[in-house]
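Novice: One structure coming up, written as C-alpha cells, with questions to follow.
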Protein chains: 2
Amino acid sequence: METRELRYFVAVAEELHFGRAAQRLGIAQPPLSRAIRQLERRLGVTLLERTSRSVLLTEAGSVLLAEGRAALDAVEAAERRARRAALAATGRPGLVLVTKAGASGELLPKLLDAYAAEPGAVPVDVLLCGIGEQERLLRDGRADVALLHRPFDSANGFDTEELCTEGQVAVLPAWHPLAGRAHLCTADVAALPGLPMPRWPHRDGTYPPGPGPQVRDHTQLLQLIALGRASAILPESCRPQLGRDLAAVPVLDAPTVTTVIAWPPHSRSQALAGLVRAATRI
Amino acid sequence: METRELRYFVAVAEELHFGRAAQRLGIAQPPLSRAIRQLERRLGVTLLERTSRSVLLTEAGSVLLAEGRAALDAVEAAERRARRAALAATGRPGLVLVTKAGASGELLPKLLDAYAAEPGAVPVDVLLCGIGEQERLLRDGRADVALLHRPFDSANGFDTEELCTEGQVAVLPAWHPLAGRAHLCTADVAALPGLPMPRWPHRDGTYPPGPGPQVRDHTQLLQLIALGRASAILPESCRPQLGRDLAAVPVLDAPTVTTVIAWPPHSRSQALAGLVRAATRI
DNA sequence: GGGCGGCGATACCCTCCGGGTATCGATTCC
DNA sequence: GGAATCGATACCCGGAGGGTATCGCCGCCC
C-alpha cells in the first residue's frame, strides 16, 4: 500500500464525501474514486458502502482509518526526524518539548534548568499546545518529547517516565459559599447550581454536547470561573496561577494526576536521553 | 514520502550495496540509484555516503532507517488489520496471540481457558515464535496480542497490563555441586567454570561474541545444560519443564521477571478487550 | 603498473499509471 | 416530473518509474 492511497482513503473516510475529499486533496473527483476502488480491489476488502446519496465506512474501513492515520503519522515522523537529524549533525542541534499551555507550572522551568546545567545540553524549544494535541505532535515527529498528564492524556504508544503525582482541587469563585470548605468531593462540584463544568474541544475542534461553557485554554477557563459562570477540577499545581478572585479546595475523591515525560520509542538521541535523565533526578 | 521510496531506502541501508538491494527488491540497479537520489533531493538531506567502493549511512540515514522500518511496519499493520477486520465481519473472527516458545508455561493455558469461558469469546490462534520476534509481529499486524517478559522483551510502544511477576532460578545439571544449594547469586552462576551462559541470536540472526554455546530455543538450551556444557538463569515458571537431570536454584539478586500482556495502541477490538479482561482477572 | 573487475552514475527509451475533462445514471427533493 | 447532487464511467494525456547499454572511478592482482 502506498502512502498516497492511504492519504486518499483517510481523506474520503473523514469527509464521507468524494467531492469534498478530492477538493481537500487538490485533485479531481474521478481519479479519487478510481484510486479508492483500486485500493479496495488490491486489499480484497470493501472499505466504503456507497450509494449515490451517501458514503459509509464499513467495519474494515474504520479499522483502516484508525490504523492508517497512525501509519501516516509514522511516515511523516520518519521524514521529519531524518531532516532534523541532518540539521543536528551539521548546524544547530536541539530538542522540541511540548506541553499543554497552562499546565505543569513549576515543573517545566525546574526541568529546563536542571537539563541546561548538564554537560552537553542542547537548546530546548518549548512548544505550548492545546488540549490533546501533544500526542499528535509527538507521534508525527514535530516534537521530540512531551510532558503529559495522566489520566487526561493517554501515553499509549510512547515510552514514559513518571515525574510526579498530585491531587486535584476544585477551582471556584472566591465568593462562593463552598470556597471556605477544607475539602470537597466530586459529587459536590458536579452538582453546583449555575457553575457547570466547562466543555473542552475534541481533537477535530467540535465540542461535546452539554450545559457547560465551551473553553479552549486555561486563561479562558479561569476567567469564566471568576465571572461565576463555571467551575473546574484541576491539578493542585495550578494554584500559583490563580488570582485573588479564585479559590482552590482539595477534592478528595478525584483521581490523582501523574505528570509523565514521554518520548517516541526507538529514539536513540543522546540529547533526549540527557533530558529524561535530568527529569528523573528532579 | 511514498512507502515505495521508503522500502527502497531501507533495502539499500540494510544491504549497504545498491546492486544487492536492487536484486532483493526485484528491480534493476539504475532505477534504484535514481530513486534514492530523488528521495535525498526531496528531503534535502544526504542519507548515504557513497564512494564507488562502499556505501555508508550518514547520521540522518540511520535515523531514517530506524524510523522508516517502524513506519513501514505501521503501514503493513494497517493493511493487515483492515483485511482481518473484513474477515472478522463476514466469516470467522479470531485473535492471534503470540508468545515465546517455551515461556509462560502455566499461564498461557489458564489464560486461554479463562477467556474461552467468557461469553462471546472468539477462537484464539496461538503463535509460538523465537526470541525477539514478538514485538515485530505485534507491530506489523501479524499478531493481535502478545505475552511479553520484561525486562527481556521491551514493551515499547504498546499498551500493556501486568499479569504476574516471578523470581529467577539458575538451571544447572543435577549432578553439579551447586545444585544442592538453597540459593545463589548471579556472580556465582556467571563464574561457573565450564558452564558458560549461552548466547542468544540477535534479531538479524547473528550471535554476539563470547564463550558460551549458541542456542536458538529452550529445548536446545536445556539439553546443553544437561550435557554439562552451559548454565542459565531463567524465570521460575520454567521449573515444570525441567527433567530429572536438571536442577533449579533460586538466584536472589537476579532481576524479577514480569509477564505482561501487550497489544497495539488504538485497538478497538471487542474480542481483544475481552481477552485482556480475562487476563487481568487471573 | 597496467589491465581487469566491481560498483555506482548517467543516458536514453518505453510503458503504464495517475490525473484531467466530459458525461452518464441514480437518487432525492421541491 | 424536472432539477440538483453525487458517485461511476469513458477517454485522453503527460510524466514518473522501470529497463538496457554504457561510462567513470577505484581497488586489486598478475
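Novice: Restricting the search to region B:55-101, which residues are under 25 Å from A:A74 (Cα atoms) and β-branched (V, I, T)?
Specialist: Matches in region B:55-101: B:T58, B:V63, B:V75, B:V96, B:V98.
Novice: Restricting attention to strands (runs of 3 or more DSSP E) lying wholly within region A:1-115, give those where 2 or more residues are within 30 Å of A:V257 (Cα to Cα).
Specialist: Per the criteria, A:95-100.
Novice: Only residues in region B:6-19 that are exposed (fewer than 15 other Cβ atoms within 10 Å of the Cβ) count as the first member; pair them with residues that are assigned to a helix (DSSP H, G or I) and modelled with pLDDT under 90, Cβ under 6 angstrom, at least 6 apart or cross-chain, and list the lot.
Specialist: Pairs found: none.
Novice: Sticking with this one: Identify all residues within region A:44-61 that are of a type in the set (G, A, S), open to solvent by 30 Å² or more (accessible area, probe 1.4 Å) and touching a residue at least 24 places away in the same chain (Cβ under 8 Å); write none if there are none.
Specialist: Matches in region A:44-61: A:S54 only.
Novice: Which members of region B:51-60 meet the condition of being in contact with an Asp or Glu (Cβ under 8 Å, 6 or more places away or on another chain) and within 14 Å of chain A (Cβ to nearest Cβ)?
Specialist: Listed by number, the residues that qualify are B:L56, B:L57, B:T58.
Novice: While we're looking at this one, here's another question. Does any residue of region B:27-43 turn out to be within 15 Å of DNA strand C (Cβ to nearest atom), open to solvent by less than 50 Å² (accessible area, probe 1.4 Å), over 13 Å from B:M1 (Cα atoms) and touching a residue at least 12 places away in the same chain (Cβ under 8 Å)?
Specialist: yes
Novice: A further question follows. Go through region B:144-167 and count every residue that is farther than 16 Å from B:R277 by Cα and either open to solvent by 70 Å² or more (accessible area, probe 1.4 Å) or within 12 Å of the chain's Cα centre (by Cα) (or both).
Specialist: 10
Novice: Being over 20 Å from the mean Cα position of the chain (by Cα), within 12 Å of DNA strand D (Cβ to nearest atom) and on the phi < 0 side of the Ramachandran plot is the requirement here; does A:F9 meet it?
Specialist: Criteria not met by A:F9.
Novice: If only one of B:R81, B:R136, B:R69 is within 22 Å of B:E161 (Cβ to Cβ), surrounded by 14 or more Cβ atoms within 10 Å (Cβ to Cβ), within 12 Å of chain A (Cβ to nearest Cβ) and in contact (Cβ under 8 Å) with a residue 24 or more places away in the chain, which one is it?
Specialist: So the residue among B:R81, B:R136, B:R69 that is within 22 Å of B:E161 (Cβ to Cβ), surrounded by 14 or more Cβ atoms within 10 Å (Cβ to Cβ), within 12 Å of chain A (Cβ to nearest Cβ) and in contact (Cβ under 8 Å) with a residue 24 or more places away in the chain is B:R81.
Novice: Oh, and also: Criterion first (within 14 Å of chain A (Cβ to nearest Cβ), open to solvent by less than 40 Å² (accessible area, probe 1.4 Å) and out of contact with any Cys (no Cβ under 6 Å at 6 or more places or on another chain)) does B:A22 satisfy it?
Specialist: So B:A22 fails the test.
Novice: I need the full set of residues from region A:29-60 which are more than 8 Å from DNA strand D (Cβ to nearest atom) and more than 22 Å from A:A71 (Cβ to Cβ), in order please.
Specialist: Residues satisfying the conditions are A:E49, A:L56.
Novice: Among the residues of region A:104-115, are any open to solvent by 20 Å² or more (accessible area, probe 1.4 Å), within 16 Å of DNA strand C (Cβ to nearest atom) and hydrophobic (A, V, I, L, M, F, W, C)?
Specialist: Within region A:104-115 (the criterion being open to solvent by 20 Å² or more (accessible area, probe 1.4 Å), within 16 Å of DNA strand C (Cβ to nearest atom) and hydrophobic (A, V, I, L, M, F, W, C)), the answer is no, since none of the residues qualifies.
Novice: Do we find that B:D253 is in contact with a strand residue (DSSP E or B) (Cβ under 8 Å, 6 or more places away or on another chain) and farther than 30 Å from B:A278 by Cα in this structure?
Specialist: no
Novice: For region B:172-210, which positions are at pLDDT 85 or above and either charged (D, E, K, R) or assigned by TED's automatic domain parsing to the domain that holds B:D153 (or both)?
Specialist: Answer for region B:172-210, where residues must be at pLDDT 85 or above and either charged (D, E, K, R) or assigned by TED's automatic domain parsing to the domain that holds B:D153 (or both): B:R181, B:R199.
Novice: Now for a separate question. Need the failing condition index for A:V98 against (1) over 18 Å from the mean Cα position of the chain (by Cα); (2) away from DNA strand D (no atom under 16 Å from the Cβ); (3) more than 7 Å from every other protein chain (Cβ to nearest Cβ), just the number.
Specialist: So A:V98 meets the others, but not (1).
Novice: Now for a different question. Given the conditions (1) farther than 30 Å from A:A74 by Cα; (2) of a type in the set (A, V, I, L, M, F, W, C); (3) touching a strand residue (DSSP E or B) at 6+ places or on another chain (Cβ under 6 Å), report the number of the one that A:A191 does not fulfil.
Specialist: So the condition that A:A191 fails would be (3).
The values are calculated or read from the model by the stated rules, or taken from the named source; none is laboratory data. Quantities reported herein were computed from a predicted structural model and do not represent experimental measurements. Glycine gets a Cβ as well: all are built from the backbone with ideal geometry, and neighbour counts include every protein chain shown. Accessible surface areas use protein heavy atoms only, side chains included; no ligands, DNA or RNA. Shrake-Rupley method; radii C 1.70, N 1.55, O 1.52, S 1.80 Å.
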